[in-house]
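The block underneath contains the structure these notes are about, expressed in structure tokens.
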Amino acid sequence: MNSRPRLTAAELGADLRAGRRDAVDLVEQTLAAIAAFPDQTIFTQVTAARARKEAKAARARLRAGLPLSPLDGVPVAWKDLFDVEGRVTTAGSKALARNAPAREDAALIKAAGRAGLVLIGLVNMSEFAFSGIGLNPHFGTPRNPHDQKIARAPGGSSSGSGVVVATGLTTLAIGTDTGGSIRVPASFNGVVGYKTSSGHFPMDGAFPLSRTLDTLGPLADTVEDCMLADAALRGAVAPEARRGAVADLRLYVPETVVLEGCQPAVVANFEAAIDRLAGAGAKIERRPLPQLQAVQDLTARRGPLVSAEALHVHRERVSGPDAEIMDRRVVKRIRQAETMTAFDLVDVLHSRQRLIAEARAAIGAAIVAFPTTPNVAMPIAPLEADDELFARENLKTLRNTALGNFLDWCGVAIPCGVDGDGMPTSLLLSAPHGRDAAVLSAALTAETIIRMA
């Protein structure tokens, strides 16, 4: 783990504005820490020249008392599927190496620049963002920092985004989430991950997996950092989310699907956190949410929407010579959709809209709470050796989070303890589309109690 003093993004931003810390010095310290860190698979590219240029500009603004946002001058790492001007976007794959360099930054990177955030580099990911485990045979797999003896999975697909924050190399990272790709790495690495509602941020310049399900969001040490990053990236003057009274929290714990088959420590830590929240005055409702089972049944009957849309993006790759240089497990998941019919896809899309509306009505004003992942980060070696084991573990890992993507929920994953081996567990707070401020407010209110373990 990184031995540098651990400050949150909010604290770094406050220090920079107060003159207690210098933006250029901060970037140099960050670059040095990255270069010295034992795991060199976290970053696919460190953008040192750009970071130094942006830090100098931030220093000038801050010295003039003209910060662009509360995070002006704070370094941020980006999942390597965002376009950076002049660079080939890899999306975790060697199959894109022949592509032309990006002609401009992705829309969200431009927004970050307008807020003064410093682009420190691009971080690793599952190939084409299509895995919840986080393995990458091309650029290596970032190692989960919570086990120094056994190499464990970082979570995916935003693997580097989770690990870079957990190690303290950066306080902020930006990832994408199609079936859990922000919240799973947050869970496995013991950090906070915020999945936004669809359409909350522009997707321009982010390499797609599923244009229907893809979303963006930050990973950080705290809910406050995610909230500040969200506001900065939207150009908001101040965050809309507010910390409230625990007694005003109304949490809905579904008795359908999400608690089934969870590891004992995951359940124990989740229930302990819910008990603490109830003891502090939160109102807890436990009842079925049948739409969760309906999503699983629909997917089993018709096929996964994500695979259908991934096949639309990658048809030529998986049916041509590029398939030979792609992760075999990714190719297999994409080709799952080849047996889906037009009727299957239309039924999935129409049923999705119905289930979204039904779930929204059932949830009402409550915030949904359940374990982020049913399991903690698992050892990598058995997954590399057995593709069937990998497929089972991947499906299980993504189960809870993928339900939220299908139902178009926003959500915040918060660490809620560790198991007997010291591996983090996580509690997920979710809400229907557009209730981002509500779910962030609930997370901000509940965070300290959830993390008390």
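Suppose the filter is among the basic types (Lys, Arg), open to solvent by less than 10 Å² (accessible area, probe 1.4 Å) and out of contact with any Phe, Trp or Tyr (no Cβ under 8 Å at 6 or more places or on another chain); does Lys79 pass it? Criteria met by Lys79.
On the basis of being in contact with a Ser or Thr (Cβ under 7 Å, 6 or more places away or on another chain), among the charged types (D, E, K, R) and over 14 Å from Ala437 (Cα atoms), does Asp221 make the cut?
Numbers: in contact with a Ser or Thr (Cβ under 7 Å, 6 or more places away or on another chain): yes; among the charged types (D, E, K, R): yes; over 14 Å from Ala437 (Cα atoms): yes.
Yes, satisfied.
Per the listing Asn99, Asn136, the residue uniquely in contact (Cβ under 8 Å) with a residue 12 or more places away in the chain and not hydrophobic (A, V, I, L, M, F, W, C) is Asn136. Of the numbered criteria (1) part of a helix (DSSP H, G or I); (2) surrounded by 22 or more Cβ atoms within 10 Å (Cβ to Cβ); (3) not β-branched (Val, Ile, Thr), the one Glu271 fails is (2). When restricted to residues that are surrounded by 15 or more Cβ atoms within 10 Å (Cβ to Cβ) and farther than 18 Å from Val439 by Cα, the range 274-289 contains 3.
Filter the range 237-252 for residues that are part of a loop (DSSP other than H, G, I, E, B) and open to solvent by 30 Å² or more (accessible area, probe 1.4 Å) and give the result.
Narrowing the range 237-252 to residues part of a loop (DSSP other than H, G, I, E, B): 237-245, 249.
Result: Val237, Ala238, Glu240, Arg242, Arg243, Gly244, Ala245.
With the structure loaded, tell me whether Glu224 is open to solvent by 50 Å² or more (accessible area, probe 1.4 Å), within 16 Å of the chain's Cα centre (by Cα), farther than 30 Å from Thr339 by Cα and among the charged types (D, E, K, R) or whether it fails that test. Lay out the reasoning, then the answer.
Numbers: open to solvent by 50 Å² or more (accessible area, probe 1.4 Å): yes; within 16 Å of the chain's Cα centre (by Cα): yes; farther than 30 Å from Thr339 by Cα: yes; among the charged types (D, E, K, R): yes.
Answer is yes for this residue.
Number of residues in the range 12-45 that are of a type in the set (A, V, I, L, M), touching a residue at least 12 places away in the same chain (Cβ under 8 Å) and either open to solvent by 60 Å² or more (accessible area, probe 1.4 Å) or assigned to a helix (DSSP H, G or I) (or both) equals 10. Considering the range 91-124 alone, what residues qualify as being closer than 23 Å to Gly162 by Cβ and of a type in the set (Lys, Arg)? Result: Lys94, single match.
Report, by residue number, each residue of the range 51-63 that is closer than 17 Å to Leu122 by Cβ and surrounded by fewer than 18 Cβ atoms within 10 Å (Cβ to Cβ). Scanning the range 51-63 gives Arg52, Lys53.
Across the range 257-288, which residue is nearest to Asp419 (Cα to Cα) among those that are in contact with a Cys (Cβ under 7 Å, 6 or more places away or on another chain) and not aromatic (Phe, Trp, Tyr)? Explain how you work it out, then say what you get.
Filtering the range 257-288 for residues in contact with a Cys (Cβ under 7 Å, 6 or more places away or on another chain) gives 269-270, 273.
Narrowing further to those that are not aromatic (Phe, Trp, Tyr): 269, 273.
Details: Asn269: 8, Ala273: 14 Å.
Filtering the range 257-288 for residues that are in contact with a Cys (Cβ under 7 Å, 6 or more places away or on another chain) and not aromatic (Phe, Trp, Tyr), the one nearest to Asp419 (Cα to Cα) comes out as Asn269.
Among the candidates Val418, Val439, which residue alone is in contact with a strand residue (DSSP E or B) (Cβ under 6 Å, 6 or more places away or on another chain), open to solvent by 40 Å² or more (accessible area, probe 1.4 Å) and over 18 Å from Gly175 (Cα atoms)? It would help to see each step written out before you state the result.
On the way: Val439 fails: open to solvent by 40 Å² or more (accessible area, probe 1.4 Å).
Of Val418, Val439, the one residue that is in contact with a strand residue (DSSP E or B) (Cβ under 6 Å, 6 or more places away or on another chain), open to solvent by 40 Å² or more (accessible area, probe 1.4 Å) and over 18 Å from Gly175 (Cα atoms) is Val418.
Say whether the condition of being under 27 Å from Val318 (Cβ atoms), over 18 Å from the mean Cα position of the chain (by Cα) and of a type outside the set (A, V, I, L, M, F, W, C) is met by at least one residue in the range 116-138. Reasoning before the result, please.
To start, the set of residues in the range 116-138 that are under 27 Å from Val318 (Cβ atoms) comprises 122-138.
Cutting the leftovers down to over 18 Å from the mean Cα position of the chain (by Cα) gives us 137-138.
Narrowing further to those that are of a type outside the set (A, V, I, L, M, F, W, C): 137-138.
Yes, the range 116-138 has at least one match.
Tell me, please, whether a residue that is out of contact with any Ser or Thr (no Cβ under 6 Å at 6 or more places or on another chain), free of Cβ contacts under 8 Å to residues at least 40 places away in the same chain and surrounded by 15 or more Cβ atoms within 10 Å (Cβ to Cβ) can be found in the range 314-324. Spell out the reasoning first.
Let us first name the residues in the range 314-324 that are out of contact with any Ser or Thr (no Cβ under 6 Å at 6 or more places or on another chain), namely 314-324.
Among the residues that remain, those that are also free of Cβ contacts under 8 Å to residues at least 40 places away in the same chain are: 315-316, 318-321, 323-324.
Of the ones still in play, those that are also surrounded by 15 or more Cβ atoms within 10 Å (Cβ to Cβ) are 318, 323.
Yes; the residues of the range 314-324 include at least one that is out of contact with any Ser or Thr (no Cβ under 6 Å at 6 or more places or on another chain), free of Cβ contacts under 8 Å to residues at least 40 places away in the same chain and surrounded by 15 or more Cβ atoms within 10 Å (Cβ to Cβ).
Listed by first and then second residue, the pairs with beta-carbon distance under 6 Å, at least 6 apart or on different chains, first residue in the range 195-214 and of a type in the set (Phe, Trp, Tyr), second modelled with pLDDT of 95 or more, are Phe201/Leu108; Phe201/Leu216; Phe207/Leu81; Phe207/Thr89; Phe207/Ala91.
The values are calculated or read from the model by the stated rules, or taken from the named source; none is laboratory data. As the structure is a prediction and not an experimental result, all values here were calculated from the model. Cβ: placed from backbone, ideal geometry, glycine included. Neighbour counts: every protein chain shown. SASA here: full protein model, heavy atoms, side chains in, ligands and nucleic acids out. Shrake-Rupley method; radii C 1.70, N 1.55, O 1.52, S 1.80 Å.
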